[in-house]
Amino acid sequence: MRKDIRLLSLSQLESHFETLGEKKFRAKQVYQWLWQKNAHGFSEMSNLSLSLREKLEEAFHISPLNVDFYQRSEDGTIKNILNLFDGNKIESVLIPTPKRNTGCISSQVGCSLDCLFCATAKLKRMRNLSTGEIVDQVVSLDKQSRQFTGKPLTNIVLMGMGEPLLNYPNVVEAIEKITSPSGLGLSPRRITLSTSGIPKMIEKLADQNLRIKLAFSLHSAIEVTRNKIMPFSVKFPLEEIKEALLYWYQKTGSIITLEYVVWKGINDTEKDIDALVDFCKIIPSKVNLIQYNSIGDPDFIPAEEEKIQNYVKKLERNNLTVSIRRSRGQDIDAACGQLSGKTQKE
Ligand code: SAH
């Protein structure tokens, strides 16, 4: 049986080449074809001899993702539907702005969490994505970015489908490949991992010393409210999450982005704001108020602008950092929490 060559690390590839009687640097060339140039077949590897390509063909296969189709939003955001080898589909999003081109990538097929306001949560978690499937999204977004904007991808957010910390080993390995100079060579400071908050895994990630940024989906600093809208979080008390976030800060020195949506009648009162202020006074962080993207559930209605401004005012009065993230790609269901495979071929 031929093996998936992309399951091998560079050093594994190098030892394989040694057993073939090939030079070590050939392994690096192959690695670059796989992880930098997005080669979909050994025949593309033009700096290798024909006989070496044939040897590789006999021992390995490459199964890259391919874009099924994409949709382009009025604001330039592009949503891709990607086919996986087993018939599953995932989504990735390119968000071009004048200053940066950000790729939003998925970590799982579906999601096992149950955030009531999120479209992806309505899907079952089918499986974790492999390292190759995660890296491929980045490589293909980079290609797309160059094609549409003439510039490379500059930033990555792990904010697509799935909970990245529940696919820990593959996500970490993918980040290592994306940042490696033999891969895409992207700076880890330009990668943000967003989590719903799994304390043990946040600590583990801090120990991993990847130098990436962390975002935490808080949405309410009042435990009962948070548990209502994110039922799985009863298993992860806010106190434990706070400890984990403090550990993260001590280990990495990197402040945490708190993602926060304000909904009408759910978390739009002074009491909610005060709880957030208290949270931020303990956790070195900045608040990112995310515009809510409707998924058609009447229980979740975006708060009035005035309520959102109340948040901004009170946070600023307490010398805390807050920004408002306007939504992008809403017209094509490519915005946060809208990735659900709800798509039609044009
Ligand atoms: N599982 C990870 C990453 C995916 S979600 C996490 O929960 O952080 C990325 C962000 O979008 C999270 O902050 C999530 O809470 C938020 N989100 C989910 N549904 C949304 C919606 N309908 N509108 C706006 N943001 C949403």
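The values are calculated or read from the model by the stated rules, or taken from the named source; none is laboratory data. Model, not experiment: these values are computed from the prediction. Reconstructed Cβ throughout: ideal geometry from the backbone, glycine too, with neighbour counts over all protein chains shown. For accessibility, only protein heavy atoms count, side chains too; no ligands or nucleic acids. Shrake-Rupley method; radii C 1.70, N 1.55, O 1.52, S 1.80 Å.
Overview of results
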{"quantity": "Lysine pair number, Cα distance threshold 20 Å (strictly under), the range 4-133, separation 8 or more or different chains", "calculated": "10"}
{"quantity": "Value of [θ]222 nm, deg cm²/dmol, for the chain, DSSP H segments ≥ 4, -39500 (n - 2.57) each, nearest 500", "calculated": "-11000 deg cm²/dmol"}
{"quantity": "Additional length obtainable on full extension of the chain from LEU116 to THR97, 0.36 nm per residue less Cα span", "calculated": "3.8 nm"}
{"quantity": "Relative contact order for the range 124-273, counting Cα pairs under 8 Å that sit 6 or more residues apart, in percent", "calculated": "20 percent"}
{"quantity": "Folded to 0 to 90 degrees: helix 168-179 orientation relative to the chain principal axis, Cα", "calculated": "70 degrees"}
{"quantity": "Share antiparallel - DSSP beta bridges, the chain, percent rounded to 5", "calculated": "40 percent"}
{"quantity": "Percent accessible area from carbon and sulfur atoms, the chain, protein chains only, probe 1.4 Å", "calculated": "50 percent"}
{"quantity": "All lysines inside 25 Å of LYS204 as judged from Cα atoms, apart from same-chain residues fewer than 8 positions distant", "calculated": "LYS177, LYS213, LYS235, LYS242, LYS251, LYS281, LYS286"}
{"quantity": "Pairwise label distance in nanometres, GLN29 with LYS281, each label 7 Å out on the Cα-Cβ vector", "calculated": "6.3 nm"}
{"quantity": "Å² of accessible area per residue within the range 207-314, as computed with a 1.4 Å probe and no ligands counted", "calculated": "46 Å²"}
{"quantity": "Accessible area per residue in Å² at 1.4 Å probe, computed on the range 6-77", "calculated": "54 Å²"}
{"quantity": "Furthest towards positive pole of dipole, SER106, LEU84, GLN208, structure part the chain, Cβ charges", "calculated": "GLN208"}
{"quantity": "Under 5 Å, built H, 5+ apart or other chain: amide partners of ILE191", "calculated": "ILE156, LYS213"}
{"quantity": "FRET E, pair LYS200, VAL67, Förster distance 35 Å, beta-carbon r, rounded to 0.05", "calculated": "0.50"}
{"quantity": "Pairwise label distance in nanometres, SER11 with SER254, each label 7 Å out on the Cα-Cβ vector", "calculated": "2.3 nm"}
{"quantity": "Residues THR149 and ALA59, FRET efficiency given R0 of 45 Å [Cβ-Cβ distance, rounded to 0.05]", "calculated": "0.75"}
{"quantity": "Neighbour net charge for LEU7 - beta-carbon separation under 12 angstrom, K R +1, D E -1", "calculated": "+1"}
{"quantity": "Local electrostatic count at LEU56 - Lys and Arg +1, Asp and Glu -1, tallied over other residues with Cβ under 13 Å", "calculated": "0"}
